[in-house]
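The values are calculated or read from the model by the stated rules, or taken from the named source; none is laboratory data. What you see is a predicted model; the values in this text were computed from it and never measured. Neighbour counts are summed over all protein chains in view; Cβ atoms, including those assigned to glycine, are modelled from backbone coordinates with ideal geometry. For the accessible areas, the whole protein counts, side chains as well, though only heavy atoms, and no ligand, DNA or RNA atoms are used. Shrake-Rupley method; radii C 1.70, N 1.55, O 1.52, S 1.80 Å.
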Amino acid sequence: MADDPRRRIPRTDTVLVDPRLRRAVTTLGPHAVIDAVHAAQQAARAGQITADQVLEAAVAALPGRLSSLRPVINATGVVVHTNLGRAPLSLAARDALLAAAGSTDVEFDLAAGTRSTRRGQPAMAALRRLLPDASDVHVVNNNAAALVLVATALARGREVLISRGELVEIGDGFRIPDLLAATGARLREVGSTNRTHLGDYAEALGPDTALILKVHPSNFTVSGFTASVPVEALAALGPPVVYDLGSGLLAPDPLLPDEPDASTALRSGASLVTASGDKLLGGPQAGLIAGRSELVHVVRRHPVARAFRVDKLTLAALEATLRGPAPPVVQALHAEPAELRTRAEQIAAALPEADARVVPSEGVVGGGGAP
Ligand SMILES: *Cc1c(COP(=O)(O)O)cnc(C)c1O
């Protein structure tokens, strides 16, 4: 028993005297350090290391950071990969995040030394500049929140007309019709799965119609004998048309001819558009609401709006994305095949032991964009 090697495993407090671990306690906190020590002691008990290797093993087991979210390389060929955090932020957005991480003047006028009402204003102004057809904009946590807020503020207890071809499941079992029904708005489905005509909407129209909702089927395509009604025609029916675009494309992109964009939708008569900040816009997760100012005003002032309010980090990253250079998503989508080939050849050359060869492949946008 006396020479049982396990008895020589150093005690936790003995190991913690090491200056590297003491320093780690101040940067990582005691729990992470003690976990690393316990893991090393456990390895010694299991005979995987010797007792005198415990200290070094504990130091080696210290985590580099305290978030379990690890940076990964997205080599999937899916540009906006939902499982990999959708849009990777631009350097400008990352820098803005870091600057806003501490105390920041999000609601403070530094010149006057008083509280200011400018919260979110710079980010909204940046969005408005890119959307001259919107007389006002608002930003919430994500596009689902944007839809819920719009339906709550404008259609609660009344009817929302929606085509049966646009009853979309956005992912993870969440469905736009369920989301809308949860707000207390009544969904009135019109048309059929593959074909909906203007007359279908016109027939369903009544004094109780609060909105006509057009949802971009962003994650699937229906082909063959199909018909849907363009925004222009819907707008002529009278009630406000809300167009859920999904992707966050602000202006037409010739590479994505089937993807609707906010500018065109607004110019075509949509009263409001909603979109994600972290799909084709390439920014942080956010929900954009843009369109007619009297409607945006009602949406922004609704009590529920407070529950969907974005934090300073989102505002910082969104403003920088909107004002900055093309973010990684846009750069990736517009990368020339020749440039991608050169890059792939360099990677293949750097991996001689992996038998890596460069072959053509098709990428996809992903993340519920341009199916
Ligand atoms: C992605 C998407 C949503 C949901 O957006 P989130 O920002 O993920 O909440 C809603 N509608 C459409 C059409 C979408 O493509």
Backbone N within segment 296-318 under 18 Å of label point (7 Å from Ala182 Cα along the Cβ vector):
303-310
Mean-square fluctuation maximum in Gaussian network of the chain, Cα pairs under 10 Å, restricted to Gly184, Gly173, Gly283, hits Gly173
Between Val304 and Ala75, how high is the FRET efficiency from 1/(1 + (r/R0)^6) when r is the Cβ-Cβ distance and R₀ = 35 Å? Nearest 0.05.
0.30
What's the center-to-center distance, using Cα atoms, between segment 70-108 and segment 269-321 in Å?
17 Å
Could you work out the equivalent-ellipsoid semi-axes for the chain, taking the square root of 5 times each eigenvalue of the Cα gyration tensor, largest first, in whole Å?
49, 27, 21
With 0.36 nm assigned to each residue of separation and the Cα-Cα distance removed, Ala236 to Ala202 gains 11.2 nm
Charges at C-beta only: +1 for Lys and Arg, -1 for Asp and Glu. How large is the resulting dipole of the chain about its Cα centre, in Debye rounded to 20?
1080 debye
Under a 10 Å cutoff between Cα atoms, tell me which one of Leu288, Leu91, Leu66 has the largest fluctuation in the Gaussian network model of the chain.
Leu66
By the Cα gyration tensor axes a ≥ b ≥ c (a/c under 1.5 gives rounded; else a/b larger than b/c gives prolate, otherwise oblate), the shape of segment 52-197 is oblate
Per-residue ³J(HN,Hα) for segment 133-138, Karplus 6.51 cos²θ - 1.76 cosθ + 1.60, θ = phi - 60°, Hz, x for Gly and Pro
7, 9, 7, 7, 9, 9
Sum -39500 (n - 2.57) across every DSSP H segment of at least 4 residues in the chain, then divide by the residue count to get the 222 nm mean residue ellipticity, nearest 500.
-10500 deg cm²/dmol
Given 0.36 nm per residue, what is the gain on full extension from Phe174 to Arg94 after removing their alpha carbon distance, in nm?
25.8 nm
In segment 97-195, which GluC sites (Glu not before Pro) are in a loop and have at most 16 other Cβ atoms within 10 Å, using DSSP for the loop call?
Glu107
Accessible area per residue in Å² at 1.4 Å probe, computed on segment 231-304:
35 Å²
Can you tell me how segment 182-318 classifies by the Cα gyration tensor, rounded, prolate or oblate, using a/c under 1.5 as the rounded cut?
oblate
Within the set His302, His31, His138, GNM on the chain using Cα springs under 10 Å gives the largest fluctuation to His31
Roll a 1.4 angstrom probe over the protein heavy atoms and tell me the percent of accessible area of the chain that is carbon or sulfur.
55 percent
Which of the three applies to segment 1-103, rounded, prolate or oblate, going by the alpha-carbon gyration tensor with a ≥ b ≥ c and a/c under 1.5 meaning rounded?
oblate
With label points set 7 Å from each Cα along the Cα-to-Cβ direction at Arg164 and Asp109, the distance between them in nm comes to 5.7 nm
Mind putting a number on the dipole of segment 309-371 about its Cα centre? Charges go on the C-beta only, +1 for Lys and Arg and -1 for Asp and Glu, and I need it in Debye to the nearest 20.
320 debye
Not counting the cut sites, what is the longest span of the chain without trypsin sites (Lys or Arg not before Pro) that DSSP labels loop and that have at most 10 other Cβ atoms within 10 Å?
12-356
Once label points are set 7 Å from the Cα along Cα→Cβ at both Thr221 and Glu362, what is their separation, rounded to one decimal in nm?
0.8 nm
For the pair Thr26 and His38, how long in nm is the line joining their label points, each one 7 Å along Cα→Cβ?
2.5 nm
